[in-house]
Structures are given as structure tokens and as C-alpha cells.
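Asks: I have a structure I would like to understand better, so I am pasting it below and will then ask my questions one at a time.
The values are calculated or read from the model by the stated rules, or taken from the named source; none is laboratory data. On a predicted model such as this, the values are computed, not experimentally measured, just so you know. Every residue, glycine as well, gets a Cβ built from its backbone with ideal geometry; the counts of neighbours run over all protein chains shown. Remember, those area values only see protein heavy atoms, side chains included, never the ligands or the DNA or RNA. Shrake-Rupley method; radii C 1.70, N 1.55, O 1.52, S 1.80 Å.
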Amino acid sequence: MRGKFITLEGIDGAGKSTHLDWLARFLANRGITVKVTREPGGTALGEKLRQLMLHGEARLHPETETLLMFAARREHLEQVILPALASGTWVVCDRFTDATYAYQSGGSGVPWDKVAALEQWVQQGLQPDVTVIFDVAPEVGRARAAKGKSADRFEREPGGFHERVRQGYLRRAKEAPRRVHVIDANAAIAEVHKKLVNIFISFCSE
Ligand code: TYD
């Protein structure tokens, strides 16, 4: 049987990484073979792009970022995601195309339709089976990120950027309500995990 494709999303500091580790263990404990991967990343090309995007000196034009993200995504699908799904492995991906809508379109102003055109080109209708957006207020994300490695990214983005990213994510959720679940991640970790259990228990038995 084909594996399921799960993606996790949220603004910087939403706590996505903590919840991702927990979810991967939760699924593995139910006997599911899980491949954890991330974007940007997941392939040699993707990891180079990650270096460039997160630690590069010069900022790229947002449309350049969008094009690079989808080029790397094509490779990620080809080399990692599609073969894993075909072999029955479940893929848990730390960010995917919803992040491009949220960051490059919502945050940086690339027209939504341009992202949609590239999505169609690269994915040809393929969508994650389920997506969880960890939703927090930007102030909460900022405070959490300040304790971690993404502090510098918060600092270098202009005011309002993360709220626009958040709104981009919420728009995606509205457009695909069956696929996308929004979890209030301002809550305590245990509360968030309860909600994840609710989503994935029914999903595991589908
Ligand atoms: P993130 O996944 O938060 O990594 P870490 O938890 O290690 O800090 O960082 C990825 C960054 O890349 C994040 O700021 C969002 C950005 N990004 C985009 O701008 N567009 C995209 O399409 C993707 C996948 C990520």
C-alpha cells in the first residue's frame, strides 16, 4: 500500500520541530515505517539551497527564492518522497509547498497565482494527504525563536512579515479544509499533542 504524505507547517518559533519528533515516534510506535525529511533540504541540492536561504549573505529576490524552492522540490519528490511513498513508507516532511505560499507569497508578495502555476507544474496534482499548521501569534513565535537558532531570521525580517506569513498559511487552510488542520500552538505542548493524536488516530485507521 502507498504510504501517507504528511507535512508540518507554521511560522518560525511555532514549535514545529518539537512536535515533528513526537509525531514521528507516535507513528513508529504504531508500526508505521516513517521517513522524516525537510524543506528546504532532503537532498544534496535541497541542503545547499537551505544553506543559501538561511545563512547566505545576500538576500535573493522573492521570485528567485520561489523558483529555487520548486526546483529543489522537484528533486526532493523524485529522489526521496515519491520512492518512499511507493514502497509503503510514510513521509513526514518539515515544511512543503504551503510554506512557499506562506513565506514567498504571503510574506514577500510573490503573486499567489505564480506559486500555484509552479505547484501545478512540479506536483501535477500531488498534494500531502494531511497537513498540520501549528498556528501561533507572531509575538509568541518571536519569543520562542529568540531562545533558538532562528532568532536571526526574525530579526532580519521587517515588522509584519510573520503576521503576513501566518495569514498566508490560514488562507491555504481555507482553500483546502479537508487536507489542512490548524492547531492552536500557543497552548501547552501536552495540549497540542492531544490534538495531534485526534488527527492521526483516525488517519492511521483510514
Ligand atoms: P525551519 O524549517 O524553520 O528550520 P529550523 O527549524 O531549522 O530553523 O526553516 C526554514 C526556513 O525556510 C523558514 O524560515 C521558512 C523558509 N522557507 C521558505 O521561505 N519557503 C519555503 O518554501 C520553505 C519550504 C521554507
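Asks: Could you please let me know if Arg144 is in a helix (DSSP H, G or I), more than 16 Å from the chain's Cα centre (by Cα), of a type outside the set (Val, Ile, Thr) and more than 22 Å from Thr64 (Cβ to Cβ)?
Replies: Working: in a helix (DSSP H, G or I): yes; more than 16 Å from the chain's Cα centre (by Cα): yes; of a type outside the set (Val, Ile, Thr): yes; more than 22 Å from Thr64 (Cβ to Cβ): yes.
Judged against the criteria, Arg144 is a match.
Asks: Condition first: within 28 Å of Glu78 (Cβ to Cβ), touching a residue at least 12 places away in the same chain (Cβ under 8 Å), under 16 Å from the mean Cα position of the chain (by Cα) and open to solvent by less than 30 Å² (accessible area, probe 1.4 Å). Can you find one or more residues in the stretch 113-120 that meet it?
Replies: Checked against the condition, which is being within 28 Å of Glu78 (Cβ to Cβ), touching a residue at least 12 places away in the same chain (Cβ under 8 Å), under 16 Å from the mean Cα position of the chain (by Cα) and open to solvent by less than 30 Å² (accessible area, probe 1.4 Å), the stretch 113-120 yields at least one hit.
Asks: Of the residues Glu75, Glu139, only one is in a helix (DSSP H, G or I), modelled with pLDDT under 95 and either more than 13 Å from the ligand (Cβ to nearest atom) or among the charged types (D, E, K, R) (or both); which? Explain how you work it out, then say what you get.
Replies: Working: Glu75 fails: modelled with pLDDT under 95.
One residue alone meets the criteria, Glu139.
Asks: Answer yes or no: is there a residue in the stretch 82-93 that is within 10 Å of the ligand (Cβ to nearest atom), assigned to a helix (DSSP H, G or I), touching a residue at least 60 places away in the same chain (Cβ under 8 Å) and within 16 Å of the chain's Cα centre (by Cα). Spell out how you get there, then give the answer.
Replies: Within the stretch 82-93, the first condition is being within 10 Å of the ligand (Cβ to nearest atom), and the residues that meet it are 93.
After this cut, where a residue has to be assigned to a helix (DSSP H, G or I) as well, the list is none.
No, the stretch 82-93 has no match at all.
Asks: What about Thr100, is it surrounded by 15 or more Cβ atoms within 10 Å (Cβ to Cβ), closer than 28 Å to Arg171 by Cα, in contact (Cβ under 8 Å) with a residue 24 or more places away in the chain and touching an Asp or Glu at 6+ places or on another chain (Cβ under 9 Å)?
Replies: On the way: surrounded by 15 or more Cβ atoms within 10 Å (Cβ to Cβ): yes; closer than 28 Å to Arg171 by Cα: yes; in contact (Cβ under 8 Å) with a residue 24 or more places away in the chain: yes; touching an Asp or Glu at 6+ places or on another chain (Cβ under 9 Å): yes.
Against the criterion (surrounded by 15 or more Cβ atoms within 10 Å (Cβ to Cβ), closer than 28 Å to Arg171 by Cα, in contact (Cβ under 8 Å) with a residue 24 or more places away in the chain and touching an Asp or Glu at 6+ places or on another chain (Cβ under 9 Å)), Thr100 qualifies.
Asks: Would you please list the contacts, defined by Cβ atoms under 6 Å and residues six or more apart or on different chains, that run from a residue in the stretch 35-53 that is within 16 Å of Pro83 (Cα to Cα) to a residue that is of a type in the set (Asp, Glu)?
Replies: Matching pairs, first to second residue: Arg38/Asp94; Thr43/Glu75.
Here is a yes/no grid of residues against (1) loosely packed, with under 14 Cβ neighbours inside 10 Å; (2) aromatic (Phe, Trp, Tyr); (3) closer than 26 Å to Glu191 by Cα:
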site: Leu27; (1), (2), (3): no, no, yes
site: Ile32; (1), (2), (3): no, no, yes
site: Glu39; (1), (2), (3): no, no, no
site: Ala58; (1), (2), (3): yes, no, no
site: Leu67; (1), (2), (3): no, no, no
site: Arg73; (1), (2), (3): no, no, no
site: Cys93; (1), (2), (3): no, no, yes
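Table: residues versus (1) in contact with a Pro (Cβ under 7 Å, 6 or more places away or on another chain); (2) modelled with pLDDT under 95; (3) away from the ligand (no atom under 15 Å from the Cβ).
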site	(1), (2), (3)
Ala102	no, no, no
Gly109	yes, no, no
Gln124	no, no, yes
Val132	no, no, no
Ala145	no, yes, no
Asp152	no, yes, no
Glu157	no, yes, no
Gly168	no, no, no
Arg172	no, no, no
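Asks: Which residues, counting only those in the stretch 173-189, are open to solvent by less than 70 Å² (accessible area, probe 1.4 Å) and over 17 Å from Ala102 (Cβ atoms)?
Replies: Answer for the stretch 173-189, where residues must be open to solvent by less than 70 Å² (accessible area, probe 1.4 Å) and over 17 Å from Ala102 (Cβ atoms): Ala187, Ala188.
Asks: Same structure, new question: In the set Gly31, Gly42, which member is within 12 Å of the ligand (Cβ to nearest atom) and not aromatic (Phe, Trp, Tyr)?
Replies: Numbers: Gly31 fails: within 12 Å of the ligand (Cβ to nearest atom).
Only one candidate qualifies: Gly42.
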